[in-house]
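Here's the structure we're looking at; comments come further down.
Each reported figure results from applying straightforward, stated rules to the coordinates on display, with no laboratory input. This one's a predicted model, so the numbers in the text were calculated from it and none came from an experiment. For neighbour counting, all protein chains shown are included, and Cβ atoms are generated from backbone atoms with ideal geometry for every residue, glycine included.
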Amino acid sequence: MDFKLNFLRRSDLQPMDGHGTDGGALLTQHDLPKYVELVRRGHVWSVMNTAALAALVVRPSTVANFTLFNNNPSGSGICFIMLRAFAFNLVSTAAQARSGLWVCLHVPGLVTPTNDITARASHSGKVTANTANAIGDTAMTVTDDGWFPVGQWSDVEPTGILPGAIMVADLEGLWIVPPQCGISTQVVSSVVGNTFTSGFTFAVEKLVLE
């Protein structure tokens with residue numbers, strides 16, 4: 001089916017030309033950094049816990065380091081698009097250790113968490129009370145709906161006891177949290193004495209999920 005595209009410049013809504021390849025592909029150019037449009041619209045948030053919890057030395061199951069819950073009504077279509085997960089090593093022991101970050105997406109039926117997380121912020125200066133019906137909880141008992149490692153591991157030197165190691169996993173929208181669902185982090189380390197805080201950056205969009 002043939003069609004024609006008309007382009008308008010956002011600054012003044014005046015017509016502008018578009019260009020394509022001989023095969024019909026539209027040529028586009030990024031004039032701003034990635035995610036700027038989502039941030040401009042006020043749709044990007046970060047949230048994390050501030051009480052460091054001991055890492056696990058086994059695969060995660062029903063205890064989370066941090067849980068983010070989408071408390072928007074079922075059927076609203078308002079989803080959390082996960083952009084990144086992160087963890088910070090607050091306390092380490094004087095022993096060499098390696099740690100990895102894990103995430104688990106929880107299907108409907110997860111008990112609504114206690115909203116006890118205060119470290120949350122908009123990426124465009126919105127008031128912190130307006131957090132898109134996001135609930136955050138620390139050390140929550142969760143359902144094991146499948147944990148998966150993400151990102152790169154961090155390490156601790158054999159003589160180190162100071163904080164500092166950070167793990168960041170770019171999720172890039174590979175996890176979507178529908179209404180009344182949640183997503184959790186956990187850290188698995190070779191030393192249980194290492195403690196971590198963790199959290200997420202996410203975008204809020206209305207989607208039709210298939």
Can you give the FRET efficiency to the nearest 0.05 for T141 and V36, using r as the Cβ-Cβ distance and R₀ = 30 Å?
0.20
In nm, give the distance between the simple-model label positions of F7 and S76, each being 7 Å from the Cα along the Cα-to-Cβ direction.
3.7
Which of rounded, prolate, oblate describes the stretch 140-210, given a ≥ b ≥ c as roots of the alpha-carbon gyration tensor eigenvalues and a/c under 1.5 marking rounded, otherwise prolate only if a/b is larger than b/c?
prolate
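If you filter the stretch 82-180 for trypsin sites (Lys or Arg not before Pro), then keep DSSP loop positions with at most 15 other Cβ within 10 Å, what is left?
Working: sites: R84, R98, R120, K126; in loops: K126.
Answer in residue order: K126.
Can you sort I135, I183, I117, I166 so the residue with the fewest Cβ neighbours within 10 Å comes first? Kindly include the intermediate steps, with their values, before the conclusion.
Details: I135 18, I183 26, I117 22, I166 11.
If I rank by nearby Cβ atoms, fewest first, I get I166, I135, I117, I183.
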So how do L209, L174, L110 line up by other beta-carbon neighbours within 10 Å, fewest first?
L209, L174, L110
